[in-house]
1. Provide the per-residue ³J(HN,Hα) series for segment 129-135, in order, calculated from phi with Karplus coefficients 6.51, -1.76, 1.60 and θ = phi - 60°, each as a whole number of Hz, with x at glycine and proline positions.
2. With unit charges on the beta carbons (Lys and Arg positive, Asp and Glu negative) and the dipole taken about the Cα centre of segment 102-176, which residue among Ala131, Ile168, Ala143 sits farthest to the positive side?
3. Which order do the peptides 96-106, 143-153, 157-167 take when ranked by the mean count of other beta-carbon atoms within 10 Å per residue, highest first?
4. Return the long-range amide H neighbours of Phe113 (sequence gap of 5 or more, or a different chain), with a cut-off of under 5 Å between placed amide H atoms.
5. From the phi of every residue in segment 144-160, what ³J(HN,Hα) in whole Hz does the Karplus formula 6.51 cos²θ - 1.76 cosθ + 1.60 yield, where θ is phi - 60° and glycine or proline is x?
6. Could you tally the net charge around Cys112, taking each other residue with its Cβ under 15 Å from the Cβ of Cys112, Lys/Arg +1 and Asp/Glu -1?
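Read the figures in this text as sums done on the coordinates, not as results from a lab. If you're wondering where the values come from, they're calculated on a predicted model, not measured in any experiment. We place every Cβ from the backbone using ideal geometry, glycine too, and count neighbours over all the protein chains shown.
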Amino acid sequence: MTTVPTGIPVQQVTTVTAATPVQQVTAVAVATPVQQSMSVTLPANAVPGMTMQVTSPQGRSFNFEVPKGSLPGTTINVMIPKPSATIVMHQGAAASLDNDWMIPNIFACLFCFWPTALFGIIKSTEARSAAQRGDQFVANASANSAKTLFRVSVGVGVVLLTIIIIIIATSDWGYLF
């Protein structure tokens, strides 16, 4: 096998990062234009049917076969094979979660309106699980739902307490206060 030094255009390297529920994926793809070709001058020992290796100054090499009817010293066009994409998998780190609203929902369940606060506790648990998996999007969405359910529980609890106080104050049981 003979090595023929040539020049190949520099390749572009693109890095793409995507988050999935289980892991973070980093993909590195080597991109070149559609089916490039280059000119190669055949060395003195080239014969038709011989496999030759071409190496670029960047270090990328590939093989080609000397076409029939080609003589040493002839310049031929060689098609450059397209490079393939490389996918590198990284395990995602745990997502950061400032507040999952678990403690406020527990207090709302005990002192305000327990039905919606109970669902808030469930959403808080989902937020913690998603944060431990590294799924930042689901963790934030569940934490926001838990916060909304906490606020609804407190609001409904305050409204119900106000209604109960008004009913007691205007009834015959007013002497208790």
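1. Coupling constants for segment 129-135: 5, 5, 5, 5, 6, x, 8 Hz.
2. Result: Ala131, furthest along the dipole toward the positive end.
3. Descending packing order for the listed peptides: 143-153, 96-106, 157-167.
4. Gly157
5. Karplus values, whole Hz, x for Gly and Pro: 5, 5, 4, 5, 4, 5, 4, 5, 5, 4, 5, x, 5, x, 5, 5, 5.
6. Around Cys112, the charge tally is +2.
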